[in-house]
Amino acid sequence: MKKIVSLVCSIAFSTSMMAGGLMTNTNYHIAFDRMFARGATTEIDGVFSNPAGMAFGHEGWQLSLNFQKPWQNRDIDATFAYGKDASGAPLMYQKKYNGKAYAPIVPALFAAYKHNRWSLSSMIGIVGSGGFVKYDDGLPMFDQPLMAAFQQKGLTPDKYLFDSQVKGKQYIYGGQVNFAYRITSHFSGAVGIRANYYNGYYRGHVIASTIPALGSKQLVNLQLDVDQRGWGFTPVISLNYKIQKFTFAAKYEFRTKVETKNRTNSLSVDMNGTAIDVKALAENIGNEATVAALKASMGDMADKIADYLPDEKTRYDMPALLAVAVGYEFMPNLRAAVEYHFYDDKNAKMAHDRQKELTHGTHEILAGVEWDINKKFTVSCGGQRTDYGLSDGYQQNTSFACDSWSIGLGGAWNINEKVRLNASYFCSLYSNYDKVAPTIKETYSRTNHVIGVGIDYKF
């Protein structure tokens, strides 16, 4: 039973629902959703995608307000052994656990001012993760050890009931300011800084009791409710070179140290009638003494609970990002671009140094094309390939990723010379990930869809 509680208390959701790396979003503006490769743009979305390019953009003020609605499934199809029958053959259990990831409307605001050779620009948005995930029927990491423990007590699955729910949230809000300067008629550079605010929570309970015919006796009751907050700052540098029909651009975001601090609302364990209010114990005698006291009675479980004690700190670094892009104008009304992203995930600290389990940092390749049908209407489409460098050691029930192909399309309507309306849709097609161990097989799968609308205004 000790292992059960340690597993429950190791909740650490990663709920990114937007495009980008494991902890970093890249789609803030609708132009990205409908084209993807925006690293060489000089339009208003360059405030994020190509800050240096803003020195070649619209003279005067620009504003842009964007809204996106993502939705996603995160499913785990698990088969595991929870004991042996009289002949010694393993008792197998199979179940598909459906996780619903969602987010309300996700906004992003852009502003830029250009005068002659220089430009000042800013953006506000959800720069990392961005959503909620909920498993209404728990997770295999809960069911397997519980069922194994109950089987040892002679309780077969028809003799007990589960009430299990796990949910989490991760948002990293960001505000960025850039200064760009056109050094020559072809070349510009920019420097910027982004402030990032991490806001997350982890909530869950696992309650198991015998069926009414056996007295509805409580076997396990674990309750967890923890909020986490933290800050980090990201320096950004970028370069842009524009000559004839070509635009070459590069951007580097430095690694962002994000260290969160717990606000433990409740943390308690009740096993076989022995109740422990872990939060109250920590507040009375301190976290270190609490862990020592819990180890005496609960063994290694204490180390897992330590992550969620009041004021404990956890790392959720945003990795360094290198982006390089090339844009080409085939005709005045036909443009295309290709782009490459590298996220240095292996050097961005995660809880318990989980980043070391990755085989490499994230690689992304993007391409897109945009066509002005006439002066009023523009259409575009694009694609993106994402390879995370995943491994069995990295994948967890509460935090997993799947490599993907993404496709997007949409258009823009120039309502007049000042106002442009953008609309888009994109989806990600994920590869299933199979994690196989001697007594368990888990298949991780995901789906993702995003629709968006935004409006650009030039003064």
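The values are calculated or read from the model by the stated rules, or taken from the named source; none is laboratory data. From a predicted model like this one, the values you see are computed outputs, not experimental measurements. Ideal geometry is used to build each Cβ from the backbone, glycine not excepted, and the neighbour counts take in all protein chains shown. In case anyone asks, the SASA skips ligands and DNA or RNA and just uses the protein heavy atoms, side chains included. Shrake-Rupley method; radii C 1.70, N 1.55, O 1.52, S 1.80 Å.
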* Please work out which one of (1) out of contact with any Gly (no Cβ under 9 Å at 6 or more places or on another chain); (2) open to solvent by less than 10 Å² (accessible area, probe 1.4 Å); (3) of a type in the set (F, W, Y) is the condition Y82 fails and give its number. => (2)
* Return the residue satisfying two criteria in turn: it lies in the range 35-65 and is among the small types (G, A, S) and not in a loop (DSSP other than H, G, I, E, B), and of such residues it is farthest from the chain's Cα centre (by Cα). => G60
* Residues in the range 350-358: is at least one touching a residue at least 24 places away in the same chain (Cβ under 8 Å), in contact with a strand residue (DSSP E or B) (Cβ under 7 Å, 6 or more places away or on another chain) and open to solvent by 60 Å² or more (accessible area, probe 1.4 Å)? -> no
* Structure fact -> Of the residues in the range 379-436 that are among the β-branched types (V, I, T) and more than 16 Å from the chain's Cα centre (by Cα), the one that is least open to solvent (accessible area, probe 1.4 Å) is V419
* Asked: When you go through (1) surrounded by fewer than 16 Cβ atoms within 10 Å (Cβ to Cβ); (2) in contact with a Ser or Thr (Cβ under 9 Å, 6 or more places away or on another chain); (3) not hydroxyl-bearing (S, T, Y) one by one for G230, which number turns out not to apply?
  -> (1)
* Asked: Residues in the range 168-176: is at least one surrounded by fewer than 20 Cβ atoms within 10 Å (Cβ to Cβ) and touching a residue at least 60 places away in the same chain (Cβ under 8 Å)?
  -> no
* Close pairs from the range 204-218: first without any contact (Cβ under 8 Å) to a residue 12 or more places away in the chain, partner open to solvent by less than 40 Å² (accessible area, probe 1.4 Å), Cβ under 8 Å, at least 6 apart -> S216/S209; S216/T210; K217/S209; K217/T210
* Among the residues of the range 198-212 satisfying the criterion of being of a type in the set (A, V, I, L, M, F, W, C) and part of a strand (DSSP E or B), which is most open to solvent (accessible area, probe 1.4 Å)? -> I207
* Asked: Which number in (1) open to solvent by 20 Å² or more (accessible area, probe 1.4 Å); (2) of a type outside the set (D, E); (3) out of contact with any Phe, Trp or Tyr (no Cβ under 8 Å at 6 or more places or on another chain); (4) modelled with pLDDT of 90 or more marks the one condition that S10 misses?
  -> (4)
* **Single residue of D225, D158, D163 found to be in contact (Cβ under 8 Å) with a residue 24 or more places away in the chain, among the acidic types (D, E) and in contact with a Ser or Thr (Cβ under 6 Å, 6 or more places away or on another chain)** => D225
* Among the strands (runs of 3 or more DSSP E) confined wholly to the range 228-297, which include 1 or more residues that are polar (S, T, N, Q), farther than 30 Å from S209 by Cα and touching a residue at least 24 places away in the same chain (Cβ under 8 Å)? -> 246-253, 259-271
* Asked: Going by the conditions given, is N333 under 30 Å from T42 (Cα atoms) and loosely packed, with under 14 Cβ neighbours inside 10 Å?
  -> yes
